[in-house]
Structure formats: C-alpha cells, structure tokens
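The values are calculated or read from the model by the stated rules, or taken from the named source; none is laboratory data. Please read all numbers here as calculations on a predicted model, not as lab measurements. Because the Cβ atoms are built from the backbone with ideal geometry, glycine has one as well, and the counts that use them run over all protein chains shown. The accessibility values were calculated without ligands, DNA or RNA, using every heavy atom of the protein model including side chains. Shrake-Rupley method; radii C 1.70, N 1.55, O 1.52, S 1.80 Å.
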Number of protein chains: 2
Amino acid sequence: MQVRQRLENLSSELTATERKLCTALLLDYPYAGLDTIQDLANKTGTSPPSISRFVTKLGFQGYQDFQRHLIDEIRQANRSPLDLHVGDRPIQGDFLEDFVSRAVNLISASASAITSAQFERVCDLLGDEKRNIYLIGGRISDAIALYVSRHLRQVRSGVFHLPADPEIWPEYMLRMRSKDVLFMVDYRRYQRNLAELARRAKAQSGVQIVVLTDKWMSPAANHANEVFATPIESGTVWDSYSGAMVLMEAMLTRIAETNWDKTRKRIEAWDSLRFDHGARDDDQ
Amino acid sequence: MQVRQRLENLSSELTATERKLCTALLLDYPYAGLDTIQDLANKTGTSPPSISRFVTKLGFQGYQDFQRHLIDEIRQANRSPLDLHVGDRPIQGDFLEDFVSRAVNLISASASAITSAQFERVCDLLGDEKRNIYLIGGRISDAIALYVSRHLRQVRSGVFHLPADPEIWPEYMLRMRSKDVLFMVDYRRYQRNLAELARRAKAQSGVQIVVLTDKWMSPAANHANEVFATPIESGTVWDSYSGAMVLMEAMLTRIAETNWDKTRKRIEAWDSLRFDHGARDDDQ
DNA sequence: TTGACTATGAAAAAATAATATCAAAGCTAG
DNA sequence: CTAGCTTTGATATTATTTTTTCATAGTCAA
C-alpha cells in the first residue's frame, strides 16, 4: 500500500505531533521522508523517537523500512508509461506493434547502461588482431555468441567459437594466452559451467574476459575484466535479447569501421575463396 | 554535475572493480545507489571499502553524500519535465546512441512491413504440434535460426535444426511431410544451396515453407508459402538483423503465450530433467 | 485539585553503516 | 620470471543513525 494512503487511513487517530509529521511528509512527498530521522525531526520541530513511533504506527518495521518503501514508490512512479504497461498484463491490441515498442524500450535502456568509454574499450579489445578471441554462450544465448563470432571472423583472424560440450574446452584453454580475450554471453538462467570456465581460464592463462549478461550478473562476471549488462525483462513469458543483439551489432559495426580498409580487403579475399555452393555473386 | 556524467567522465580511469560498480549503477540508475553500501557490495560482488573509495574518487565526500546527490537528482528530474534521460547524456557523436536510434527505426519498419494476419498465420503454423518444424539459416543468419529453434524447443516437440553441412540434409528431407514446416532464414548474401534445398524439399514432400529474408527476397522465397521480409540496411558497413530478431522474439512470445499452460508444463518438465552441470537453481 | 493516563523528547543504548588499516593478491614493466 | 607497484577485501574502528528507556509535561474526568 502507498505510504500516502496509509497516512490518510490513519489520519483520524493521530496525535498532535504525528499530525505535524504527516503534514510535513505530504507537503514534500515523498522526498521529505528520505532525510535522516534526525533531520526530519529538526525540520518538523519534533524528535526522532516520535518519528520512530509514528512510522511503526503506520505499519512499518522501522524508519529504514519506511524509507525503503518510499524509494520503491519513486521507482514505480518514474517508470515510463511504456514500462508500466509492460509489467501489468498480457499484450492486447496489435500484438506485434506492442511488442516492438517494448523491445525499443529495452534497447534504449541497454544502450544507456553502457558508457561510451567502456564500449570503446571492448571494441578495441575484440578488434585487436594481436589477440585471439574465444567466444561462447549459454544454451540460448549462444546464438548471440555465434552471431558475433561469424561477423568477427569476417573482420579478422583468430576467432574461435567454443563448442557447447565442456569436454572439449580444455583444448581451447590450453591455447589461451594472457593477452587473448574470452567473450562469454551468459543470461539467466546462468550456467554453472560457464562460470567455472571463466574461473579456470582466468586462473590458468590470465586471459582477458568480457561478459555480456543481465542485471543480475552472471557468476561468470566475477572473473571478468569487462561486463556489458543489458536489461532483458520485456514483461512477457520470455526474456528478450534484443537489447543485447543491438549492442552487439553496434560493437561489430564499430570494429569493422575502425579498420575498414583491412576489413574490406579481408571480405573480398574471403568471397573469392568461397566455394561455389555458397553465395551467388549477383546479389545487390 | 550529474552522477551519471561523473561516471562517464571517469570511466576511462576506473579499475576492474570500479567498472563493475559503474555498470551496476548505470544499469539501474539511479536507484541502485540508494541501497546501503553493504547491500550494494553484495549485489555487485565487491566490498564496502571499494565502494567507499569509488564514490570518493567520483568527487563525493563519502557514500552518504553520494546518496544525497542521487536523491536530489531524482527530485530535480521529477520537477522538470525535461528529465535526466534527456538532459545529461552528451548525444553528440556518441556512436552507440546513434546506432541505437537507427536500429530502432529499422525495427519499427520491420514490424510495420508485416500484417497481423500474416503474423498470426505463421505463429499458428509454427505452434501447431501436429507439424514437425525444420529450421536452417545462412552462414550468418543461422544464428537467428538457432535462436528460434532453441526457444521453440522449449515450447513444443518436433523441432529440428538442420546442420550447415548439405551432405546431411537428405536425411531430414526424407522425413518431411506435407504438413510440416521448413523455416529458413536467408539474408543477403543469399546462399544458393538454401534455395536449392527449398526447391527440392517442396518438390519432394510438399512441405510448408516459411522464409525470413530481406526486401530483395532470397531466391528461396520463390518456393515459400509465407515470406517475412524485414529491412536490414542500417546505413553502416554491416546489415542489421535486429529487426528480424525482434520479429522472431515477438513470434516466439506469441506462440508461447497462446498455449501458455502447455508451455509452462513443458518448461517445468524440462528443467527437472536438466543435468546438474547446467543451470544453477538458485538464480532468483 | 487530584490522579490516571497519554504524549513527548532528552539521553543512553543499540544497531547499523561507513571508513581506515593492512596484508595479500594481482598486475605490469623490465 | 621477478621486483615494485596497484588494487582489493577482511578486519577493526569509527561514525552515524535509530530505537529504547525513562522522566516530565500535558490532558481530562471525577
């Protein structure tokens, strides 16, 4: 229940001091309640014990519990209309349109959770030809890792996508050097063996680790040098990876553009070597 | 100055732990910073001293001073409609920001290129348990196909992801029945052998074919019953598949929600059968 | 006016939170 | 690989905040 509402419900049975508090709280709601109990007492000309008793009377565990509730309320209130719409109920109206607007939200949020400096650092790491790049993802998120590795392979050499089977990982681990990069995608539900891989790879070779994960932070992130965290809650039955996808595309584009000359030559050479059963050449 | 901006400014000279904190703060900005120092340390897998040092480095007197600032920011943001999301990020020349806005355009365009009737038809096809589903994609776009098949497999049985090697395709073709569905993802540069696969599968078994492609229309689309065409030109060196990705997520969500009861049971059963080296069970 | 009760805040105590210290681990340049 | 530097978190300390205790002041009915 809203703090505001609790105040109203109880307003008939408040003492003089409590009414003073109530007024002060409502006058600058909800920020007044975020002061320390001492400050609030000074401002309202009351005392800490009175406030403490008051919030207990409102039904909270204590002053800190009360503050936690206020913060949650602010949080709720600040969610954009789209966000609000999200948690609530199943999508109605035009499904696709609605879904897209949620995805767009998620994507913007993903981008704003990452500083441009961090973005550049990771791009530099993955674009550096002197480093080998090893990639792997979880059961579902491996699709993202695959997408990244396929593109990266067009840009540079030394890109290795680890197979899903842990039995084979040691073969790759033995080749990792401390300058190399292990790029992991791990969204909930996190896979234990990925965290284990991160730990051991780090311990053994000191490899640089970059983790793409969600806000709960994959256990693998503990061993990481860089963490990209993106939101994934779309308010539907599945988590949405579109934020991650766009971020990865941005990254790949950045890497390719940085060394465009080299990349172009590489793609041309690649194309000339493709087997005939591959692409046709008259596309475009 | 906004806390957010201070983070941006300093992000080039942060240590690993500090970057972790920075990530966590930005991901749930500004609320993450309102926790107690101890809680925040637990959530981020760091320690209170590191956080204390970090906020000092950001230029605050200490953690409490830092929190005061955050609260002030929230307050400000709520007063002026021009809230912090707009005002404080230096948009100019920010690569990521720019990329995201293009991607968003692309995604909206992708959605509006598809009628809801068609969308529903395809969802029904792929959701129909009486049909087997075969999926395959091109060199890069197979990541999308993989993503779809992994999800679909959580919802229903009879989902088969064809391997990249054409030698093995006949094995699958022999099993295709006319009610089954062959789902192909083929973006330029189109692969001849995919078109060939479509042609022969159609001829041999009369299988239903759904193709996800771009506006130039993969040659495989000639044999298709349904074509999803999404724009992919992002104005950068790579094509962007984010439109396709969001569309696929929308589709998967639609399918899962349509038979949610069955899906839920299936996922539960699946989870109970997972091997221990997979996910941990305590993830939230 | 008195007595029984409630409300209140000063002060002390307790709980909680934040910072300083320091040893160990990690990293980097040679 | 090592020496020297930086980073880090466990522990101890300190500071801050909140709650408890308790004495006093206020209220009201008889």
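Observations
- Test result for A:Ala117, assigned to a helix (DSSP H, G or I), at pLDDT below 90, assigned by TED's automatic domain parsing to the domain that holds A:Asn225 and in contact with a Leu (Cβ under 7 Å, 6 or more places away or on another chain): no
- Scanning the stretch B:34-43 for residues that are under 21 Å from A:Ala224 (Cα atoms), open to solvent by less than 30 Å² (accessible area, probe 1.4 Å) and more than 9 Å from DNA strand D (Cβ to nearest atom) turns up just one, B:Leu40.
- Residue match in the stretch B:264-275 (condition: more than 9 Å from chain A (Cβ to nearest Cβ) and surrounded by 19 or more Cβ atoms within 10 Å (Cβ to Cβ)): no
- Considering only residues in the stretch B:33-66 that are within 35 Å of the chain's Cα centre (by Cα) and in a loop (DSSP other than H, G, I, E, B), the one that is nearest to A:Asp72 (Cα to Cα) turns out to be B:Asp35.
- Any hit, the stretch A:45-53, residues being surrounded by 18 or more Cβ atoms within 10 Å (Cβ to Cβ), away from DNA strand D (no atom under 14 Å from the Cβ) and at pLDDT below 90: no
- Each residue in the stretch A:60-69 was checked for being more than 10 Å from DNA strand D (Cβ to nearest atom) and more than 10 Å from chain B (Cβ to nearest Cβ), and 1 of them qualify.
- Flag if A:Asn259 is surrounded by fewer than 20 Cβ atoms within 10 Å (Cβ to Cβ) and under 15 Å from A:Gln118 (Cβ atoms): no
- Hits in the stretch A:219-233 (condition: of a type in the set (Ser, Thr, Tyr) and open to solvent by 40 Å² or more (accessible area, probe 1.4 Å)): none
Yes or no, residue by residue, for (1) assigned by TED's automatic domain parsing to the domain that holds A:Asp128; (2) touching a strand residue (DSSP E or B) at 6+ places or on another chain (Cβ under 6 Å); (3) open to solvent by 10 Å² or more (accessible area, probe 1.4 Å):
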{"residue": "A:His161", "(1), (2), (3)": "yes, yes, yes"}
{"residue": "A:Glu167", "(1), (2), (3)": "yes, no, yes"}
{"residue": "A:Leu174", "(1), (2), (3)": "yes, no, yes"}
{"residue": "A:Lys179", "(1), (2), (3)": "yes, no, yes"}
{"residue": "A:Ala201", "(1), (2), (3)": "yes, yes, no"}
{"residue": "A:Gln204", "(1), (2), (3)": "yes, no, yes"}
{"residue": "A:Met217", "(1), (2), (3)": "yes, no, yes"}
{"residue": "A:Ser242", "(1), (2), (3)": "yes, no, no"}
{"residue": "A:Met251", "(1), (2), (3)": "yes, no, no"}
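- Count of residues meeting criterion [over 22 Å from the mean Cα position of the chain (by Cα), buried (at least 17 other Cβ atoms within 10 Å of the Cβ) and modelled with pLDDT under 85] in the stretch A:67-113: 1
- Some residue of the stretch B:217-226 being assigned to a strand (DSSP E or B), in contact with a Lys or Arg (Cβ under 7 Å, 6 or more places away or on another chain) and farther than 14 Å from B:Leu126 by Cβ: no
- Screening A:Glu18 against (1) within 12 Å of DNA strand D (Cβ to nearest atom); (2) in a helix (DSSP H, G or I); (3) open to solvent by less than 60 Å² (accessible area, probe 1.4 Å) leaves a single unmet condition, (1).
- Check on A:Thr236, open to solvent by less than 40 Å² (accessible area, probe 1.4 Å) and more than 28 Å from A:Phe119 (Cα to Cα): yes
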